[in-house]
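Okay, so here's the structure we're looking at.
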Amino acid sequence: MSIPSRRRCAPALLFFLISLSLASADPAQDDGPKSPSCDNPFELVKVKSWVDGIEGEDIAGLTARFGGLLPTRADKSQRFPAVFSDPLNCCSNSSTKLSGSVVLSIRGDCSFTAKAEVAQSRGAIALLVINDQEELYKMVCSENDTSPNISIPVVMIPKSAGDVLNKSVMDKHVEILLYAPEVPLIDLGVVFLWLMAVGTILIASLCQEFGGSELSDRYNQLSPKDSAETTKDDSDKEVLDITAKSAVVFVISASTFLVLLYFFMSSWFVWILIVLFCIGGVQGMHNCIMMLILRKCRNCSKKMLNLPFFGEVSVVSFVIALLCVSFGIVWAVQRRASYSWIGQDILGICLMITVLQMARLPNIMVATVLLSCAFVYDIFWVFLSPLIFHESVMIAVARGDNSGGESIPMLLRVPKFFDPWGGDNMVGFGDILFPGLLISFAFRYDKENKKTLAGGYFLWLMIGYGIGLCFTYLALYLMDGHGQPALLYLVPCTLGNQVLESALADYFVCLFLYIYIYICMYVHI
């Protein structure tokens, strides 16, 4: 089977590989005034329920700034019957006894501390406040009530969970168990994801050594050259040179596409992206496998087949193409399975390696324009878009809010192996491709100018990229899970290192980066 030329697929591939810096988001709310009795950490809570002895699905909740602390393990907690307060808002006392029960109350009409005090005075073991929205609002003390005498745990649960419990409590016996499992400081999935992201760029750069792509004189200088001197006929090299104009146009197009996804995303739209991802991933896998085979066996491609519509193709290429297509179809069908992340990552890595070999930066000026635009793009759609759209457009699209939870496959993901809450660690293709283009350029520049590994740019840019990823996950941890634009940290850690060369300049760049990242993490832009 003849695989279409990479040059012809370049515009479509680059257009859909949008920088989606994904991370779980938590609503940013005021933490309120603090005091010794109102200074509890916000902790995610697992609410386990049993209806007539049959265990139901776990519910996620969030503890309040005040009240008692919950055990960290389920075997250290106990099951208690669940009852609704009377009145439902739990704002006033009644003759109903709630001793030995977990009380359910709706949000509103009085402060959270007032609800907790009423429930505690009537003998409740714990209080569950049902929010009027799906978000887990942070329950804090009010300005005039910073020293509540509350010893029972107080937990907020989303509206949908409250509706389920409401239907069960009305005519069935419901028991509830509460505990707050500890989340590991560092998940092995993050380490594995870091290795995949760094490894993808490293492999894509080193593949230029034996991938059949020729180096040309245009990489001899870091400064831009006149197009008449640098432009060569690349029709037979399958190479797409990125210009400063195309870099700006691409980022504008990516922004437009992101807004379209935000307003019009649906399950069928995501399916279109899945098909495009499979086509690009299958082509990338075919190219990577054939590159390895032809490196080991130059004569393997000499046996040919004459196929209708495709003409003459090598037997090896045809067989590998069938295997790759089968792999892509199996992943698309099983993409919701627990192990589907493996196939998605394999297809994604092969696709990005192919794109990084195909698309090239001609000089440092274009690299600066591209990464600077991507830098602004990532920050705007994560941090500043809520000022216009009332929520982060990037995070909303990444979560698949308007597509029934179906997420875009343009990312690498690894499960959180030891996190009791599950979920995935993710990094968008753009967070690998944009810095990867710069690092690949540096590799070609160092090779053409015969620079040593330590004396060139490639090694230090790879180190800078790895450090930038570490800063990204550190910021995610320090921000309590607020979505972070990875390019906010990756661009300064790579582009700044390439632009300035002297030791003194490097010192000031490092000093600037430390101050810059500190401000970004704690001021939150």
>> Checking the structure you have, find out if any residue of region 206-213 is closer than 26 Å to Cys288 by Cα, in contact with a Lys or Arg (Cβ under 9 Å, 6 or more places away or on another chain) and modelled with pLDDT of 85 or more.
In response: no
> Which pairs have Cβ atoms under 6 Å, sit 6 or more apart or on different chains, and link a residue in region 55-76 that is surrounded by 13 or more Cβ atoms within 10 Å (Cβ to Cβ) to one that is among the charged types (D, E, K, R) and in a loop (DSSP other than H, G, I, E, B)?
Replying inline: Thr63/Glu43; Thr72/Glu182
> Considering region 344-375 alone, what residues qualify as being open to solvent by less than 20 Å² (accessible area, probe 1.4 Å) and out of contact with any Gly (no Cβ under 8 Å at 6 or more places or on another chain)?
Replying inline: Gln344, Asp345, Met358, Ala359, Arg360, Leu361, Asn363, Val366, Ala367, Leu370, Leu371
>> Among the residues in region 474-487, are any open to solvent by less than 50 Å² (accessible area, probe 1.4 Å), over 19 Å from Ser392 (Cα atoms) and either in a helix (DSSP H, G or I) or modelled with pLDDT under 85 (or both)?
In response: no
> Before we move on, is Ser502 more than 16 Å from Trp381 (Cβ to Cβ), more than 22 Å from the chain's Cα centre (by Cα) and at pLDDT 85 or above?
Replying inline: no
> Among the residues of region 121-136, is there at least one that is open to solvent by less than 20 Å² (accessible area, probe 1.4 Å), among the charged types (D, E, K, R) and farther than 17 Å from Ile59 by Cβ?
Replying inline: yes
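This table checks each residue for (1) under 21 Å from Val427 (Cβ atoms); (2) not hydroxyl-bearing (Ser, Thr, Tyr).
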site	(1), (2)
Asn299	no, yes
Ser317	no, no
Gln334	no, yes
Leu356	yes, yes
Cys373	yes, yes
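The values are calculated or read from the model by the stated rules, or taken from the named source; none is laboratory data. Note that the structure is a prediction, hence the values are computed from the model and not measured. Heads up, the Cβs are rebuilt from the backbone with ideal geometry, glycines too, and the neighbour counts pull from every protein chain shown. Just the protein is used for accessible areas: all its heavy atoms, side chains included, with ligands, DNA and RNA removed. Shrake-Rupley method; radii C 1.70, N 1.55, O 1.52, S 1.80 Å.
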